[in-house]
Amino acid sequence: MTRPRTLLLLIVALLALTACASPQERETAGPHWVPCAPDPAAPLNPRQECTTVAVPLDHARPDGPRISLAVSRIRSESPRRRGVLILIPGGPGSTGLARPSTSLGRLPQQVADAYDLVGFDPRGLGASTPVSCRLAGNDMVPAVLKPWPAPDGDITDNVARARRVADACARNGGEMMRHLSTRTEAADIDRIREALGERRISYWGVSYGTYVGAVYATLFPDRTDRVVLDSNDDPNPDQVARGWLANYAISIEDRFPDFAAWAAARHGEYGLGADPATVRTTFLRVAGDLDRRPVPWPGAVPAELTGNGLRDVMLNSLYSDVGFPRLAALVHAVTTGTPLPQAPPVPPEYALQNSAAVLTATVCNDVGWPTDTSRYAAEVARNRAAFPLTAGMPANLFPCSFWPAAGPAVRVAVPDASTLLLVQNLRDPSTPHVGAVRMREALGDAARLVSVDSGGHGVYLANGNTCGDQAVTRFLVEGTRPDHDIVCGRDGGRHELNSRDRMVAPR
């Protein structure tokens, strides 16, 4: 496996620029910024520049071995610049080096004027020091990274894969695997803050980035300025990612009705049903048929569409309304026996290896998972009956059940003097609204919650809700927040919070 040549040249050039300096000189000289290497997956703004920041492999040994973080920025061109806005990516396992460029075109000008936009690839990913478990091909297919049970609910294959992945990571991942966690990413961000010469940082964390942001504010409360947490994970320190996986069951049930109503309104085009209830019945029937008889899907990996493959496409399609036509067309093609739409592209192997390793190590190092596989089997059976759309996947096990050591997780808590704004869709297919309620409870009076009557994953500048977008913009520019938690309606007005506070019972 090889990385793109331009990426390697950038890293070599940056390391060469600092090779002749002592560690102390490199610390005090500040980062050396150069033009970023082109990114074929995300065209970069010509103003974006890149550097590397050296951080300890183990933050408990600050004078020990070091690794590199790839960092990017687009500097404010305004004399009223306030500071930096670090863009914390989701995941775990998502890169963020291109985010200043992808965000700049959407951000209001007053936000772009107020902040240098700063992105980074978390350790193990992209242009940062990479990590890999060297997984076999079948164990890193995107559709199997989520633990979908067999069509009859059996988890034997899930247990075998989880053990293989845990063993491969222990055997091939090296020392880095022991130093991938949310606590470590927060410490890395603080080293980026230090390298940028900033006493305090503002940041915008999305999805998993909300948990990273909450942990950073917990560990370094005197170094935060204005914090936006968008599409929030439940910070329950006893479960962390295990709870996030479990919550797919309720979040998909919350979100699927949006798709069902959309498809019912287009019954003449897709033929899935003239009302939302029939659309749901059609989807469940087609997924069940594919469980028994998969159909060929040229270009896909694997090259057939199974019931779980359809469920995985469904889950990903609900992240945004723009995914609805893709899902509807796929179900329509199966029901009519016509050629299936083009399969979604598969990322390069090196990117899949990096992402799978970082995802696995982070969620497993954050907190321990139960090891009794019979417990998972029983929970999967109950979950399949209660939440048929997700077929028991959210209650299944992960390689963490065979992980050598973990945790303890950070218990999120920040001083009341901190200023955090939480924004959350009411119908998010990945991070349900109840997770934001839990995050708000953990943060206490330091936070305000703005709930948006919308579906999809991602709130700020993602759904066209003027009320929600204005609340975030006003906070970033002026520092003002609502006096209390609010709901932004579809009409742009504010309403009282009436949360559907539902949660899958913990295992």
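Numbers below:
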quantity	calculated
Pairs with Cβ under 6 Å, 6+ apart, first in the stretch 62-90 and farther than 17 Å from Tyr115 by Cα, second outside any strand (DSSP E or B) and of a type in the set (A, V, I, L, M)	Pro65/Leu57; Ile67/Leu57; Ala70/Leu97; Ala70/Ala127
Cβ pairs under 7 Å, 6+ apart, first in the stretch 426-450 and closer than 20 Å to Val472 by Cβ and modelled with pLDDT of 95 or more, second basic (Lys, Arg) and part of a helix (DSSP H, G or I)	Arg427/Arg255; Asp428/Arg255; Ala447/Arg440; Leu449/Arg440
Residue within the stretch 189-199 that is buried (at least 24 other Cβ atoms within 10 Å of the Cβ) and either within 20 Å of the chain's Cα centre (by Cα) or at pLDDT 95 or above (or both) present	yes
Test result for Ala300, farther than 17 Å from Asn138 by Cα and either modelled with pLDDT under 95 or of a type in the set (A, V, I, L, M, F, W, C) (or both)	no
Inter-residue pairs, beta-carbon under 7 Å, first on the phi < 0 side of the Ramachandran plot and in the stretch 203-232, second part of a helix (DSSP H, G or I) and of a type in the set (Asp, Glu), 6+ apart	Val212/Glu185; Phe220/Asp190; Arg223/Asp190
The stretch 207-224, residues that are closer than 28 Å to Gly456 by Cα, out of contact with any helix residue (DSSP H, G or I) (no Cβ under 9 Å at 6 or more places or on another chain) and not in a loop (DSSP other than H, G, I, E, B)	Gly209
Close pairs (8 angstrom Cβ cut-off, 6 or more residues apart or separate chains): polar (S, T, N, Q) in the stretch 397-419, part of a loop (DSSP other than H, G, I, E, B) anywhere	Ser401/Trp369; Ser401/Pro370; Ser401/Thr371; Thr419/Gly479; Thr419/Arg481
Test: residue in the stretch 405-417 that is surrounded by fewer than 19 Cβ atoms within 10 Å (Cβ to Cβ), modelled with pLDDT under 95, among the small types (Gly, Ala, Ser) and out of contact with any Gly (no Cβ under 9 Å at 6 or more places or on another chain)	yes
Cys36, sole failed condition from (1) modelled with pLDDT of 80 or more; (2) farther than 18 Å from Leu87 by Cα	(2)
Single unsatisfied condition, Val358 versus (1) at pLDDT 95 or above; (2) out of contact with any Phe, Trp or Tyr (no Cβ under 7 Å at 6 or more places or on another chain); (3) assigned to a helix (DSSP H, G or I); (4) surrounded by fewer than 22 Cβ atoms within 10 Å (Cβ to Cβ)	(4)
Scope the stretch 302-354; condition within 25 Å of Pro40 (Cα to Cα), over 19 Å from the mean Cα position of the chain (by Cα) and of a type in the set (Gly, Ala, Ser); matching residues	Ala343
Some residue of the stretch 141-162 being touching a Ser or Thr at 6+ places or on another chain (Cβ under 7 Å), farther than 30 Å from Met314 by Cβ and outside any loop (DSSP other than H, G, I, E, B)	no
Selection from the stretch 118-131 of residues that are farther than 8 Å from Ser72 by Cα and over 14 Å from the mean Cα position of the chain (by Cα)	Arg123, Gly124, Gly126, Ala127, Ser128, Thr129, Pro130, Val131
Test: residue in the stretch 406-429 that is of a type in the set (Val, Ile, Thr), within 22 Å of the chain's Cα centre (by Cα) and part of a loop (DSSP other than H, G, I, E, B)	yes
Checklist (1) at pLDDT below 95; (2) surrounded by fewer than 16 Cβ atoms within 10 Å (Cβ to Cβ); (3) among the hydrophobic types (A, V, I, L, M, F, W, C) applied to Ala386, failing item	(1)
Candidates Asp291, Asp258 - the one that is surrounded by fewer than 22 Cβ atoms within 10 Å (Cβ to Cβ) and farther than 30 Å from Ser401 by Cα	Asp258
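The values are calculated or read from the model by the stated rules, or taken from the named source; none is laboratory data. Since the structure is predicted, the reported quantities are computational estimates derived from the model, not experimental observations. Neighbour counts run over all protein chains shown; Cβ positions are idealised from the backbone, glycine included.
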